[in-house]
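**Q** Attaching a single structure in C-alpha cells format; questions to follow.
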Amino acid sequence: MRSFSKLFLSGVMLAFVFAALAVPESSAQTVLSQIMKRMEDHSNALSSVRAKITMSKHDSVLDDYDVVKGNVNYLPGKGRDVFVRVDWTTPYQEVLVVGNGEYVLYRPALKQAIVGKTSEADKKTRSSGALAFMNMSKSQLNQNYETQYLGIEKVRGSEMWRLKLTPKKKTSFKYSELWVDGNGMPVQSKIVESNNDSTTILLESIEKNVTISGGIFKLNLPKNVKIIKG
C-alpha cells in the first residue's frame, strides 16, 4: 500500500537529464537578480493557474520511481494561504485539496479521507512544489533561501532558467531546484531530502488567469468515507 508520506514527499517526480550552461559568478548574480524580479512581477499578476501535473518520487536506495499524473487548480493568496486542488488520475484516482490552513486527501478506492492542518502537512508532503514558490515574493525567497543560478536548461523542449534554493534554516530537505520560464513562471521543481530521495513536480498545458470556481476547493465526501486525522 502506498504511504501518505511517500506519495506526497517533497517537490515531485520524473528524472530529467540536462546540460547546464556555466556563466561567470558576477554575470550569474546579475541574471539571478533579473530572474527574481521577473518571478515577483509574474506572481503579482497571477490570479489563477490550471494545468496538468506530473509528480515523480525517486527512491535513492532502490533507484525506483513512483510517478503519478493528474490535473491541478490553483488560486494564490497571502503568504502561504493558497487554494490548491490536485486530481490524481493515473495510475490511481485521488483528490488533494488545500485551503484555509487545512488539507483533505480523499482516496475513493479505500473509502477514506485524511484531513489535517497544512502546517503539519508541510512536514509530510511537498505536493505543492512549484506552486508554493509561485506565491513567494522576492523578499520571502531571499529571507528563507540561499539562491544560486545554475544556467539554462531545456524542459520538455523549452529553455528554462534553473535555480538552486538552499534553506537558510534547518528543514526536512537539503535543497530545492526550480526551472523558471521566460515569464517568471516556475514550471518544474525538485526537492532533495536529507537521505537523497527526491521529488519533482512538472506543470504542463498551463492556463493562467482563468476563471476557477471556489466551489471546487470544497469536497463533499460520501457518507461511507472514513475520516482519518493526519
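Conditions tested, residue by residue: (1) modelled with pLDDT under 85; (2) charged (D, E, K, R); (3) within 23 Å of Asp41 (Cβ to Cβ).
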position: Leu165; (1), (2), (3): no, no, yes
position: Glu177; (1), (2), (3): no, yes, yes
position: Val180; (1), (2), (3): no, no, yes
position: Glu193; (1), (2), (3): no, yes, no
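**Q** So for the range 72-89 (the condition being more than 16 Å from the chain's Cα centre (by Cα) and modelled with pLDDT of 95 or more), does at least one residue qualify?
**A** yes
**Q** Can you name every residue in the range 167-194 that is open to solvent by 10 Å² or more (accessible area, probe 1.4 Å), more than 15 Å from Met36 (Cβ to Cβ) and among the polar types (S, T, N, Q)?
**A** Listed by number, the residues that qualify are Thr171, Ser172, Ser194.
**Q** Take the range 195-215 and flag every residue that is of a type in the set (Val, Ile, Thr) and open to solvent by 50 Å² or more (accessible area, probe 1.4 Å).
**A** Across the range 195-215, the qualifying residues are Ile206, Thr211.
The values are calculated or read from the model by the stated rules, or taken from the named source; none is laboratory data. Bear in mind that the values here come from a model prediction, so they are computed numbers and not experimental data. Every residue, glycine as well, gets a Cβ built from its backbone with ideal geometry; the counts of neighbours run over all protein chains shown. Side chains included, ligands, DNA and RNA excluded: accessible areas come from the protein's heavy atoms. Shrake-Rupley method; radii C 1.70, N 1.55, O 1.52, S 1.80 Å.
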